[in-house]
Amino acid sequence: MYKKITKLAVVLMIASGFVFTELAVAGSEPVKVVAAPIERPDFEPNLKSAKKVVHPPYEMAKADKDCSFCHTEKDGKSGALKMDMPDLCSQCHEAKDSKKFIHGPVGAGACTACHDPHESNNMKLLRFSNINQLCTSCHADKGVFLKTTKHIHPPVQDQCTNCHDPHTENFKFQLKADGNKDLCLMCHVEKKEHLAKVTHKHGALDRPKKCLECHNPHGTNTPKMLVKDTGKDLCLSCHNSKMTTDGSKLTNMDQHLKDNPDHHGPILWGDCAVCHNPHGSDNLRMLKKPFPETFYAKFDEKNYICFECHEPAKIQDEMTTTATNFRNGDKNMHFIHVNKDKGRTCRACHDFHGTKEYPHHLRTKTSFGAINFPIRYIETPTGGSCAPACHARRHYDRKKPIENLK
Ligand code: HEC
Ligand code: HEC
Ligand code: HEC
Ligand code: HEC
Ligand code: HEC
Ligand code: HEC
Ligand code: HEC
Ligand code: HEC
Ligand code: HEC
Ligand code: HEC
Ligand code: HEC
């Protein structure tokens, strides 16, 4: 049984492209499995020409039985060239090394590493029937990368020349625009519009590598070509120090999560971007949906990102026996605290990143203006109580409702 499960799981993992993972089998120690790399089909011969491509000067030379335009001898037999490349080619073609960055073989005059000077079965007299095959014939590491990486950027899978000029360009790596951002926005027009209009921008995009701070332009083993194993690791790779934004201090989230090991569900999944938009948004803290900015706010379901996952009934139903455990008898304490003109926002009691001392992601201390006071929560099997700041302890009990003295 044990072997069977393991084998099936391995097959499934290979099929789903896992490279390396831990596999837990019921009743046994986790087994480390190294799966084979992902097999991708070879490149399609999409540059194959319907009929043979013959270089016009070669065609002419053959017709005239005079090859001396390019060769030293009329019959061209020895192959000795009349002049070095690229000068030979530049007699008729525009220079291919006129811009700031020149591709290695072009600079070296190795035009014929990529083109056949006579004739070819491929378009543009290329020596390969597919651009990526041409490029990876020298850039062998990229060939391995294309075959073994789980999430390849679609334009890379298509052809390298979507972004790189094979000869020369004004941008580093012969890119068609600055590779940190402008190149990306050339195709990702929707991101260009988004970045231009959002009110809460992400400081990450002002770091030197811009989009490439987070994405690899070719691909990675993480979805969306992220440069770290999970979205969370990515976020915490920068949010591991105190930062300031518009004069206010931002929590060191890495430290906060280390100090508060009871992490909120989505953070356990490794996903910060389920709540935050890494490209900025129009909401507080670049949240994907609104969340009130203040300690008190008039309750409106639409203002809470929380209801993307949690049932709004837990705040909306004045009386309930099911919508929430935060109730005194069937009186909904969430309704009482939150659902009014001057309602407390969730942050008064909960921390939605991580907590330590109390269950239900209840925070140890709550901050009200400049004051930070402990809530002193005590849980009971059927309810609980708290004693924030100077308030007397207040109790709630789901089985036997408690009358709190004023
Ligand atoms: C447009 C210029 C051009 C013309 C015209 C041309 N060749 Fe070449 N030929 C070249 C270049 C460039 C090379 C060097 C190829 C390399 O670097 O691999 C070459 C190489 C050769 C070689 C060496 C072996 C090989 O194929 O690499 C032979 C033989 C040859 N040419 C024969 C001919 C003959 C015969 C003709 C005329 C019918 C001719 N060539 C016309 C450019 C030309
Ligand atoms: C005597 C002039 C002449 C020389 C020398 C010459 N070419 Fe050409 N080449 C042409 C002409 C004419 C064409 C056809 C132009 C067209 O289709 O736009 C052509 C076409 C090409 C094409 C295909 C372009 C396409 O759009 O399909 C390539 C690639 C090319 N040449 C490379 C070279 C290289 C590399 C050399 C040097 C080894 C070279 N040529 C030397 C005249 C020349
Ligand atoms: C690394 C491979 C590579 C080298 C080296 C190379 N080319 Fe090209 N060349 C290409 C590819 C790929 C294309 C097709 C580009 C496209 O369709 O965008 C091309 C297109 C061309 C064309 C036709 C389109 C155009 O840009 O005018 C000519 C002419 C040409 N090359 C000439 C040359 C000459 C001359 C040299 C040497 C100085 C050279 N190439 C070196 C890969 C190469
Ligand atoms: C004939 C071999 C050859 C082919 C084919 C070739 N390259 Fe290159 N490429 C080189 C060499 C050599 C360099 C220079 C390496 C260096 O400077 O360290 C280079 C450099 C580069 C660089 C810059 C890398 C750096 O670290 O500066 C890029 C980007 C690149 N090639 C992309 C391509 C693309 C895209 C193609 C296909 C259109 C291609 N190459 C095809 C040989 C080749
Ligand atoms: C979507 C655009 C895009 C496509 C398509 C693309 N690249 Fe790149 N490539 C980039 C960017 C951006 C950089 C610069 C990365 C950096 O600054 O770290 C780069 C850098 C490189 C480099 C130098 C740095 C390195 O990673 O070694 C090479 C070599 C290279 N690319 C080869 C290729 C090859 C081969 C292909 C096709 C299989 C390809 N690229 C397709 C965008 C692209
Ligand atoms: C030549 C056009 C082109 C360029 C340039 C380009 N992309 Fe893309 N990108 C695409 C296409 C096409 C897709 C697939 C469709 C989609 O998701 O929009 C894609 C998808 C993506 C995805 C989602 C991948 C997934 O797994 O769903 C990310 C992330 C991305 N691109 C980031 C970038 C970054 C960062 C750059 C700049 C380095 C960039 N792109 C440059 C065309 C491009
Ligand atoms: C701070 C890190 C970070 C930066 C910087 C960043 N991204 Fe992303 N990007 C992400 C994450 C994380 C995702 C996955 C989002 C999700 O799951 O909702 C993503 C997703 C994407 C996608 C897939 C579609 C989508 O929106 O989910 C595209 C396309 C994309 N990014 C392009 C870009 C471009 C272009 C830039 C530069 C202008 C950029 N990104 C800068 C982290 C970043
Ligand atoms: C490359 C570094 C980097 C990465 C990666 C990064 N951030 Fe940031 N983040 C910053 C910087 C820098 C600031 C802003 C400081 C400033 O405004 O000067 C910031 C600000 C923020 C803010 C506060 C925004 C505001 O102004 O209110 C939030 C929330 C945030 N990041 C969440 C995330 C999330 C979620 C991720 C992962 C998807 C992430 N960050 C990844 C660098 C990064
Ligand atoms: C369930 C939704 C949710 C998830 C998941 C989430 N956040 Fe937040 N985050 C929020 C909300 C809501 C705020 C605003 C809190 C406030 O102002 O009281 C916030 C605020 C922040 C801030 C600003 C903190 C400050 O000092 O004011 C940062 C930085 C941040 N989040 C980073 C992250 C990172 C990194 C992750 C992943 C490890 C993450 N968030 C996951 C909802 C979420
Ligand atoms: C993307 C989905 C998602 C969003 C958005 C979300 N949560 Fe959660 N939440 C969960 C999951 C999953 C759990 C269960 C795992 C756990 O206890 O963290 C959970 C649990 C909780 C718990 C503890 C439940 C218990 O009984 O221990 C509280 C409190 C909570 N969330 C509050 C919030 C608040 C406040 C917000 C809005 C800022 C929010 N959540 C937004 C998914 C989400
Ligand atoms: C006055 C403090 C307080 C406020 C404000 C508050 N909660 Fe709670 N919440 C609690 C307490 C206490 C519990 C624990 C109930 C129990 O299990 O005894 C709880 C439990 C939860 C749970 C676990 C499931 C349940 O309902 O029992 C979720 C989810 C939750 N709260 C979400 C929210 C959301 C979303 C907001 C803001 C819209 C919010 N809370 C506002 C005190 C508060």
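The values are calculated or read from the model by the stated rules, or taken from the named source; none is laboratory data. Since we're looking at a predicted model, the values are computed, not measured. All Cβ positions, glycine included, derive from the backbone under ideal geometry; neighbour counts span all protein chains shown. The protein model used for the area step is the full one, side chains on, heavy atoms only, and it has no ligands, DNA or RNA in it. Shrake-Rupley method; radii C 1.70, N 1.55, O 1.52, S 1.80 Å.
Quick notes on this one:
- Of the peptides 243-253, 375-385, the order by per-residue mean of other Cβ atoms within 10 Å, starting with the highest, comes out as 375-385, 243-253.
- Listed peptides 214-225, 104-115, 73-84 by packing density, highest first (mean Cβ within 10 Å): 214-225, 104-115, 73-84
- Each Lys or Arg adds one and each Asp or Glu subtracts one; over the other residues with Cβ under 14 Å from the Cβ of Thr366, this totals +3.
- Spatially proximal aspartates and glutamates relative to Lys191 (Cα-Cα < 15 Å; intrachain offsets below 8 disregarded): Asp182, Asp282
- Computed [θ] at 222 nm, helices only, for the chain once each DSSP H run of length n ≥ 4 contributes -39500 (n - 2.57): -6000 deg cm²/dmol
- Among the listed pairs Lys249/Lys289; Lys197/Lys340; Lys124/Lys176, those whose Cα-Cα separation exceeds 25 Å are Lys197/Lys340.
- Partner lysines for Lys65 [C-alpha distance under 22 Å; skip if fewer than 8 residues away on the same chain]: Lys52, Lys74, Lys77, Lys82
- Average accessible area per residue (Å²) across region 48-174 - probe 1.4 Å, nucleic acids and ligands excluded: 64 Å²
- ³J(HN,Hα) computed for each position of region 128-134 - Karplus, 6.51 cos²θ - 1.76 cosθ + 1.60, integer Hz, glycine/proline x: 10, 8, 8, 4, 5, 5, 4
- For the set Lys142/Lys209; Lys172/Lys228; Lys228/Lys302; Lys142/Lys232, the pairs lying more than 31 angstrom apart at their alpha carbons are Lys228/Lys302.
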